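Only one structure is covered here, and it is reproduced in the block below.
The values are calculated or read from the model by the stated rules, or taken from the named source; none is laboratory data. The model shown is predicted, which means the values in this text are computed figures rather than measured ones. So basically every Cβ, Gly included, is an ideal-geometry build from the backbone, and we count neighbours across all protein chains shown. Areas reflect the complete protein model, heavy atoms only, side chains present, ligands, DNA and RNA absent. Shrake-Rupley method; radii C 1.70, N 1.55, O 1.52, S 1.80 Å.
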Amino acid sequence: AQKVTQAQTEISVVEKEDVTLDCVYETRDTTYYLFWYKQPPSGELVFLIRRNSFDEQNEISGRYSWNFQKSTSSFNFTITASQVVDSAVYFCALSDENRDDKIIFGKGTRLHILP
Amino acid sequence: DTAVSQTPKYLVTQMGNDKSIKCEQNLGHDTMYWYKQDSKKFLKIMFSYNNKELIINETVPNRFSPKSPDKAHLNLHINSLELGDSAVYFCASSPPPGLAGGRATGELFFGEGSRLTVL
């Protein structure tokens with residue numbers, strides 16, 4: 001069965017600190033996609049990244065970076081030099097082409113960046 | 001131009017009533033979804049449609065009936081509303097697949113959400 005676990009329900013850090021959000025997934029399939037989405041206090045859901053199961057290269061986008069490790073079934077998200085605007089709920093998600101593109105979300109990690 | 005738009009954004013109603021939420025996307029995507037987000041922020045898929053065809057029906061009660069008149073629209077009708085239906089309902093669409101295949105890429109473009117409160 002597919003499952004996404006975000007063990008950290010809530011994290012608070014002081015601005016400019018680095019923070020890593022953990023995501024562990026379960027799937028029996030060899031072809032799948034992993035995602036991160038951001039939901040700021042305003043409520044909209046914003047796509048951040050998609051990674052397919054064949055591409056284990058880490059990705060960096062500005063202050064954001066993602067570490068995909070198939071060996072540990074993890075897809076962690078790091079924010080470097082955090083800013084107050086990074087405060088949001090972050091969701092990790094998984095989809096599998098063999099299940100009609102059903103995208104399963106983790107329960108989210110609420111991140112507070114304190115000024 | 002809003003890519004995925006939902007109406008209404010807020011809905012307050014009494015138990016037992018019937019209500020609808022409309023969703024339209026102007027991105028040309030083939031796949032559309034309804035997700036429910038509860039008070040604990042948990043996002044759960046309800047339905048997906050690909051080019052007007054129902055693909056996913058995630059054991060949602062029969063009181064919920066999606067309708068897709070064309071691939072740009074996916075509406076959600078809820079009969080006999082219950083207290084537990086209170087949530088934010090998000091519509092989303094997804095681009096067609098690239099070389100990897102599948103019906104959609106999984107990259108979701110969400111609407112702003114419709115907050116339903118059942119009293």
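Part of a loop (DSSP other than H, G, I, E, B), surrounded by 14 or more Cβ atoms within 10 Å (Cβ to Cβ) and more than 14 Å from chain B (Cβ to nearest Cβ): is that true of A:Ser65 in this structure? Answer is no for this residue.
Could you check, for segment B:21-37, whether at least one of its residues is on the phi > 0 side of the Ramachandran plot, in a loop (DSSP other than H, G, I, E, B) and open to solvent by 70 Å² or more (accessible area, probe 1.4 Å)?
Taking segment B:21-37 first, the residues on the phi > 0 side of the Ramachandran plot are B:28.
After this cut, where a residue has to be in a loop (DSSP other than H, G, I, E, B) as well, the list is B:28.
Remaining after also requiring open to solvent by 70 Å² or more (accessible area, probe 1.4 Å): none.
So far as segment B:21-37 goes, no, none of its residues is on the phi > 0 side of the Ramachandran plot, in a loop (DSSP other than H, G, I, E, B) and open to solvent by 70 Å² or more (accessible area, probe 1.4 Å).
Figure legend. Inter-residue proximity from segment A:26-52: first residues at the interface with chain B (Cβ under 9 Å from one of its Cβ atoms), second residues open to solvent by 30 Å² or more (accessible area, probe 1.4 Å) and not in a strand (DSSP E or B), beta-carbon distance below 6 Å, spacing 6+ or different chains. Indicated pairs: A:Thr31/A:Glu97; A:Glu44/B:Glu112; A:Phe47/B:Glu107; A:Arg50/B:Glu107.
In segment B:49-61, of all residues being free of Cβ contacts under 8 Å to residues at least 24 places away in the same chain and assigned to a strand (DSSP E or B), the one that is farthest from the chain's Cα centre (by Cα) corresponds to B:Glu53.
Among the residues of segment B:62-83, those that are part of a loop (DSSP other than H, G, I, E, B) and surrounded by fewer than 20 Cβ atoms within 10 Å (Cβ to Cβ) comprise B:Asn62, B:Arg63, B:Lys71, B:Ala72, B:Asn79, B:Ser80, B:Glu82. Considered as a group, the residues in segment A:68-111 that are more than 14 Å from chain B (Cβ to nearest Cβ) and assigned to a strand (DSSP E or B) include one that is most open to solvent (accessible area, probe 1.4 Å), and that residue is A:Gln69.
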